[in-house]
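Let me begin by presenting the structure, written as structure tokens, before commenting on it.
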Amino acid sequence: MNNLENNQFSVPKVMGILNLNADSFYEGNRVLNTDKFKTMVQEMVEQNAQILDLGAMSARPAGSFQIPIQKEIDRLIPAIEWIKNNFPHIEISVDTFRAEVCKVVLEAGVDIINDISGASWEPELLSLVAKHNAKVILMHLIGDFENMHNSFEFGDIIEIVKKDLNEKIQKAEELGVKNIIIDPGFGFSKTMDQNWTLLQRLHELKSLNKEILIGVSRKRMIYLATGGTAETALIGTSIAHFIACQQGANILRVHDVQATWDAINIYKTTLHSTGRI
């Protein structure tokens, strides 16, 4: 029995992306005013998103820049409070690598810190996560904010990512973090071929014994393969999500919640037909 057959055939959770900024690479999920934010949250919840991921500062491949810390906080807190007041059963994730922001949003009741640096830029963030008994998403990348999208020459990309994430897991656990999710970092520090290799061999990261999040929604790896743009990449994204389900992904971070569930439900149907669930 191979690694894929050993998989628990679990159905992944869906994390909806809400970008509280004007800089995100995909315009469809930019929520720059209160009415659009509330409408999109309500739609995602109705479509069965179990987690909402709030980002106040873009990390897009071209033109991303760091905004003042207080501005990031000011964008996040009203959004967090509204979700908690109206949908208290929904887990809230905040996409930040800044410890100062982390402290404020955890005190506001956030459940998950989604750190693209894997806590390598501001390691003190981990102690805050541990203090609040929150979850942390540790992502693989190489470099800093300015060059994080540059591709680097690796050996076996799976082994490189696995080694890096294992080191980040150990550091987090040493600081008392008990709830760790890993993200291989599609689109960060990798060539297109390396991104696709990661997706095809995602199940090999199961050896780290952590939940695996993938974020491929409407990314460059998808729309370059289909010859389109982020706006036309929905079908390609759904196919990638189906592959991720087969490979054992536990959380899908997405722009399009209903379309993601369509892909998951096709996956579930194949499992039923083979008697695996």
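Each value in this text was obtained by applying a stated rule to the coordinates, not by laboratory testing. It should be emphasised that the depicted structure is a prediction, and the values quoted were computed from it without experimental measurement. Note that we place each Cβ from the backbone using ideal geometry, even for glycine, and neighbour counts take in every protein chain shown.
For ASN85 and MET192, FRET efficiency with R0 = 45 Å and r from the beta-carbon atoms, rounded to 0.05?
Working: r = 42 Å, r/R0 = 0.94.
After rounding, the FRET efficiency stands at 0.60.
Can you give the direction-averaged projected area of the convex hull of the alpha-carbon atoms in the range 3-273, in nm²? Spell out each step's value before the answer.
Details: hull surface 53.2 nm².
For the range 3-273, averaging the hull's shadow over all directions gives 13.3 nm².
Residue by residue, the range 232-238 carries 3J(HN,Hα) couplings of 9, 9, 5, 5, x, 5, 4 Hz when phi is fed to the Karplus relation 6.51 cos²θ - 1.76 cosθ + 1.60 (θ = phi - 60°); x denotes Gly or Pro.
Each of HIS140, HIS132, HIS89 has some number of other Cβ atoms within 10 Å of its Cβ, and from fewest to most they run HIS89, HIS132, HIS140. The simple spin-label model puts a point 7 Å past each Cα toward its Cβ; for GLN170 and GLU107 those points are separated by 3.4 nm. For the range 216-231, the Karplus equation 6.51 cos²θ - 1.76 cosθ + 1.60, evaluated at θ = phi - 60°, returns couplings of 10, 4, 6, 6, 4, 4, 7, 6, 6, 5, 9, x, x, 9, 4, 5 Hz by residue, with Gly and Pro reported as x. Put a dot 7 Å past the Cα of ASN179, heading toward its Cβ, do the same for ILE77, and the two dots end up 2.3 nm apart. The amide H of ASN179, built 1.01 Å from its N in the peptide plane, has VAL136 as neighbours under 5 Å, considering only residues 5 or more places off or on other chains.
Could you tell me the calculated FRET efficiency between ASN133 and THR39, based on Cβ-Cβ distance and R0 = 45 angstrom, to the nearest 0.05? Mind showing how you got there, number by number?
Numbers: r = 32 Å, r/R0 = 0.71.
For R0 = 45 Å, the calculated efficiency reads 0.90.
The packing ranking of peptides 242-249, 259-266, 224-231, 41-48, highest mean first, is 242-249, 259-266, 41-48, 224-231, where packing means the average number of other beta carbon atoms within 10 angstrom of each residue.
Amide hydrogen proximity for GLU211: with H placed 1.01 Å from N in the peptide plane, the residues at 5 or more positions away or on another chain lying under 5 Å are ILE182. Can you figure out the FRET efficiency of PHE154 with ASN48, using R₀ = 45 Å and their beta-carbon distance, to the nearest 0.05? With a Förster radius of 45 Å, E is 0.75.
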